[in-house]
1. May I ask you to list the residues in the stretch 1-57 that are open to solvent by 60 Å² or more (accessible area, probe 1.4 Å), outside any helix (DSSP H, G or I) and either modelled with pLDDT of 90 or more or among the hydrophobic types (A, V, I, L, M, F, W, C) (or both)?
2. Examine the stretch 135-146 for a residue that is in contact (Cβ under 8 Å) with a residue 60 or more places away in the chain and closer than 21 Å to Gly19 by Cβ, and state whether such a residue exists.
3. Can you pull out the residues in the stretch 119-149 that are open to solvent by less than 50 Å² (accessible area, probe 1.4 Å) and within 20 Å of Thr89 (Cα to Cα)?
4. Does Leu74 count as surrounded by 10 or more Cβ atoms within 10 Å (Cβ to Cβ) and of a type outside the set (Val, Ile, Thr)?
5. Using beta carbons and a limit of 6 Å, which pairs, at least six apart or on different chains, have the first residue in the stretch 30-46 and in contact (Cβ under 8 Å) with a residue 12 or more places away in the chain and the second one assigned to a helix (DSSP H, G or I) and open to solvent by 50 Å² or more (accessible area, probe 1.4 Å)?
6. Among the numbered criteria (1) more than 26 Å from Val25 (Cβ to Cβ); (2) open to solvent by 50 Å² or more (accessible area, probe 1.4 Å), which single criterion is violated by Asp116?
7. Could you tell me how many of the residues in the stretch 79-100 are within 14 Å of Leu139 (Cα to Cα) and open to solvent by less than 30 Å² (accessible area, probe 1.4 Å)?
8. Pairs only if they're at least six apart or on different chains, beta carbon under 6 angstrom, first in the stretch 105-132 and closer than 19 Å to Gly19 by Cβ and among the β-branched types (Val, Ile, Thr), second modelled with pLDDT under 90 and open to solvent by less than 70 Å² (accessible area, probe 1.4 Å); list them, first residue then second.
Amino acid sequence: MSGGTALAATLALLAGLAGSVQAAVMGRFGERIGTVEALAWAFLLSLALALAVLLVVRRGFGDLADAWTSPKWLWLGALLGTFIVFTITVVSPRIGTTATIGLLVTGQLAAGAAIDRYGLFGFEKIALSWPRALGIALLAAGAALTLRR
């Protein structure tokens, strides 16, 4: 594994760990102040942090204005991110963090396999091999088992 690949894999693993903590924390936060309120607060705090990072790294707003002229389908990432945070805020107190993350990751792998297989969104096509398909199926079975208490 090259240095860039190892770093990317490490960041993805850390994001996965952070996502589980996020699901648990947002679930509690939503119970405390309300689901929509927790979502709004998370959005506002994320916006402030992202703008601060942009200003430090780019020493200005960089190419942020180009977002307005980009194809509008690219904005789907922000909409889906909001949906994900809303969903984990609602779902994790009801079915638990393990089941929430298990189902979330299963859905991500299934969608990722479809994106790779068909080269969607301009990505290189990567065949759906039997080990990949088996991994997704096993994860789906594991996620279903986490729903049992």
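The values are calculated or read from the model by the stated rules, or taken from the named source; none is laboratory data. Keep in mind that what you see is a predicted model, and the values were worked out from it rather than measured. Glycine also receives a Cβ, built like all others from the backbone with ideal geometry; neighbour counts cover every protein chain displayed. Areas reflect the complete protein model, heavy atoms only, side chains present, ligands, DNA and RNA absent. Shrake-Rupley method; radii C 1.70, N 1.55, O 1.52, S 1.80 Å.
1. Listed by number, the list holds a single entry, Met1.
2. no
3. Ala143, Thr146
4. yes
5. Ala38/Phe29; Leu39/Phe86
6. The failed condition is (2).
7. Count: 2.
8. Thr106/Leu139; Thr106/Ala140; Thr106/Ala143
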